[in-house]
Amino acid sequence: MLKIEKLNRILLRVLKLAYLNFLWIGGTLIGLVIFGIGPATLSVFSIIREWVRGNDDLPVFKTFVLNYKTYYKKGLILSLVYGVVGIILVVDFAYVSRWELRVFFGVMLFFYYLSLSYLLPIIVHYDLKTLKESIKYSFLIGFSYLQYTLVSLVVIVAIYIMVARLLPALFTFFGFSVLFYILMGNANMVFNRIEESAKKEMELTN
């Protein structure tokens, strides 16, 4: 009975991820991509945050719409800033011919991934006042827990290469939501470690 219930929860989560993927696509398209991708992404991250922390019962569509509005301004600024920076880095990395420049832009792309992979979870997890603060902490956490960052990157690359070779049609249903789920799950583990360390320090000082 317990195994059946566990399997049922897993299958339900898979269906919800597919649903969330289409909500993300819809939210992005409603904002004509440029104005929608940031708010839609933060809204999805906020829902996944609740899932990985044990709250499976929240209404997905209602929560998505509510958080889309809540994070609209931050999401818009974030998508414009990181969108421009990301395009510049990718284009430069793709078209430079000198190896030292390719290494430089490769390192910059990794820093870009490191910041963005924690920035989105930080915004939906912590109540920081400014986007500047969130960006600063994304680098601090990313470098402090670099092993988590590297493992998550390897897992993401491995999964997407495997899916691309075996069943690329899955990208339609899970192409973005699974990526966000991995990133939020990884960040949540890091946040738990940070909170545990802070709790131990407080106990020692008291």
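The values are calculated or read from the model by the stated rules, or taken from the named source; none is laboratory data. Treat the numbers as computed from the prediction; the structure is a model and nothing was measured. Every residue, glycine as well, gets a Cβ built from its backbone with ideal geometry; the counts of neighbours run over all protein chains shown.
Here are some notes:
- Some residue of segment 91-110 being under 23 Å from SER43 (Cβ atoms) and touching a helix residue (DSSP H, G or I) at 6+ places or on another chain (Cβ under 8 Å): no
- The residues in segment 71-111 that are among the hydroxyl-bearing types (Ser, Thr, Tyr) and within 20 Å of TYR137 (Cβ to Cβ) can be counted, and the count is 3.
- Among the residues of segment 90-106, just one is exposed (fewer than 11 other Cβ atoms within 10 Å of the Cβ) and under 25 Å from the mean Cα position of the chain (by Cα), namely ALA94.
- Condition met for PHE171 (surrounded by 14 or more Cβ atoms within 10 Å (Cβ to Cβ), modelled with pLDDT under 95 and either part of a helix (DSSP H, G or I) or in contact with a strand residue (DSSP E or B) (Cβ under 7 Å, 6 or more places away or on another chain) (or both)): yes
- Scanning segment 29-48 for residues that are under 24 Å from TYR126 (Cα atoms) and assigned to a helix (DSSP H, G or I) yields ILE37, GLY38, PRO39, ALA40, THR41, LEU42, SER43, VAL44, PHE45, SER46, ILE47, ILE48.
- Looking across segment 56-88, not a single residue is crowded, with 17+ Cβ neighbours inside 10 Å and over 19 Å from the mean Cα position of the chain (by Cα).
- Among residues of segment 161-199, those that are farther than 18 Å from LEU120 by Cβ and hydroxyl-bearing (Ser, Thr, Tyr), counted: 2
- The listed residue being of a type in the set (Gly, Ala, Ser) and under 23 Å from THR28 (Cα atoms), out of SER152, SER134, SER144: SER134
- Counted residues, segment 102-122 - those being closer than 19 Å to ASN188 by Cα and in contact with a Leu (Cβ under 6 Å, 6 or more places away or on another chain): 1
- Test: residue in segment 12-29 that is within 26 Å of ILE77 (Cβ to Cβ), of a type outside the set (A, V, I, L, M, F, W, C) and either at pLDDT below 95 or in contact with a His (Cβ under 8 Å, 6 or more places away or on another chain) (or both): no
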